[in-house]
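Any read-out appearing in this document is the output of simple, stated calculations on the displayed coordinates, not a laboratory observation. Bear in mind that the values here come from a model prediction, so they are computed numbers and not experimental data. For neighbour counting, all protein chains shown are included, and Cβ atoms are generated from backbone atoms with ideal geometry for every residue, glycine included.
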Amino acid sequence: MIEGDASQVTDPPTVAAMAARWNAEGWPARVDESGRALTAEFSAPSAGPPPWSVYRLSPRTATAVLTVEPGVATRWRF
């Protein structure tokens with residue numbers, strides 16, 4: 001789990017750069033007509049219909065939990 005502040009990215013060059021990055025990883029995302037959101041032929045059903053906004057996360061803490069024995073947890077603060 002990651003805790004922090006999320007802010008919507010509306011800068012068209014940044015949105016386009018993220019679309020290119022995800023496209024290179026196999027998700028055919030592209031910038032929509034507004035230049036401030038993404039669209040694609042498919043996405044996770046839970047994402048709802050396009051357009052999709054891009055968000056930047058500034059993490060404060062992260063927690064990882066091992067779910068098998070010995071079942072430990074670790075927390076990082078940034």
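Between Leu57, Leu66, Leu38, the residue with the greatest mean-square fluctuation in the GNM of the chain (Cα pairs under 10 Å linked by springs) is Leu66.
Using just the helices of the chain, give the 222 nm mean residue ellipticity in deg cm²/dmol: DSSP H runs with n ≥ 4 each add -39,500 (n - 2.57), and the total is spread over all residues, rounded to 500.
Numbers: 1 runs with 13 residues, N = 78.
It comes out at -5500 deg cm²/dmol, rounded to the nearest 500.
In the set [x] 52; [y] 65; [z] 60, the label that goes with percent of Cα pairs over 15 Å apart computed for this structure is [y]. The phi torsions of region 25-38, fed into the Karplus equation with coefficients 6.51, -1.76 and 1.60 and a -60° offset, translate into couplings of 8, x, 9, x, 6, 8, 6, 7, 4, 6, x, 10, 8, 10 Hz, rounded to whole numbers, with Gly and Pro shown as x.
Of the residues Trp52, Ala16, Val68, the one whose Cα sits farthest towards the positive end of the charge dipole of region 2-77 is Val68 (charges of +1 on Lys and Arg Cβ, -1 on Asp and Glu Cβ, taken about the Cα centre).
Counting only Cβ charges, +1 for Lys and Arg and -1 for Asp and Glu, the dipole size of the chain around its Cα centre is about 260 debye.
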